[in-house]
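Visitor: Please see the structure below; I have some questions.
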Amino acid sequence: MDHDRKFFDTFMLVLGVLLAITIGLFFIANALAESNLDTENRANPMAIKMLEQRLAPVGSVATDAPVVPPAAANPLPSAEIASTAAATQVAMAPAAAPAAAPKVDGKATYDQACIACHGAGIAGAPKMGDKAAWAPRIKQGTPMLYEHALKGFTGKGGMMPAKGGRMDMSDDQVKAAVDYMVAAGK
């Protein structure tokens, strides 16, 4: 027991000394690196130029209006400052109408997601272009097909997971794919 205690004390002493040496070396290296870096950068015009480029603004706003300095630095009377400031205000253009949403390609959505089941008829999915399998579904109407495709459906003939299991697809993509498959099934 006394032997274990002696080993533990020696081991902790060695660890403490190594930790102290490591911390000392860290501070010495940090001090040397900072002093060397500062000296080199102050004397090197290329390093100063690179620093200025990194700190330069990314962009600026260009206007034809003159810049009106603050009142404390401007020798003009306050009435002239107000009239000059009013003259430099730029009217905001009305907001542009949002661009029309791009037309969703049903074939692309089918090829990306739907072909996995509707290409081979997996889980009772009507195969693409199979008029006999699509006829009773088409009779239910497009709104019902959209609902089943968007929300999912389980019936006697099989099941359809919501959005074909692809929750990352938008409703418009799913509807476009349904339209594409219905057109091929007519």
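Visitor: If Leu150 satisfies every condition in (1) in a helix (DSSP H, G or I); (2) crowded, with 18+ Cβ neighbours inside 10 Å; (3) touching a helix residue (DSSP H, G or I) at 6+ places or on another chain (Cβ under 6 Å) but one, which is the exception?
Guide: (2)
Visitor: Show the residue pairs that are 6+ apart or on different chains and have beta-carbon atoms under 7 Å apart, the first residue being within the stretch 123-148 and on the phi < 0 side of the Ramachandran plot, the second being loosely packed, with under 15 Cβ neighbours inside 10 Å and not in a loop (DSSP other than H, G, I, E, B).
Guide: Cβ pairs passing all conditions: Ala125/Gly158.
Visitor: Could we say that Gly158 is touching a helix residue (DSSP H, G or I) at 6+ places or on another chain (Cβ under 8 Å) and small (Gly, Ala, Ser) here?
Guide: Against the criterion (touching a helix residue (DSSP H, G or I) at 6+ places or on another chain (Cβ under 8 Å) and small (Gly, Ala, Ser)), Gly158 qualifies.
Visitor: If you scan the stretch 123-147, which residues turn out to be outside any helix (DSSP H, G or I) and farther than 19 Å from Asp171 by Cβ?
Guide: Ala125, Pro126, Lys127, Met128, Gly129, Asp130
Visitor: Give the residue that is surrounded by the most Cβ atoms within 10 Å (Cβ to Cβ), with candidates limited to residues of the stretch 160-186 that are under 12 Å from Thr142 (Cα atoms) and of a type outside the set (A, V, I, L, M, F, W, C).
Guide: My answer is Tyr180.
Visitor: From the list Ala120, Ala183, exactly one residue is farther than 30 Å from Val61 by Cα, at pLDDT 75 or above and in a loop (DSSP other than H, G, I, E, B). Which is it?
Guide: Ala120
Visitor: Okay, moving on. Can you name the residue in the stretch 130-147 that is of a type in the set (Gly, Ala, Ser) and surrounded by 12 or more Cβ atoms within 10 Å (Cβ to Cβ) and, of all such residues, is modelled with the highest pLDDT?
Guide: Only one residue fits best here, namely Ala135.
The values are calculated or read from the model by the stated rules, or taken from the named source; none is laboratory data. None of the values given here were measured: they were computed from a predicted structure. When we count neighbours, we look across all protein chains shown, and the Cβ atoms used for this are built from the backbone with ideal geometry, even at glycine.
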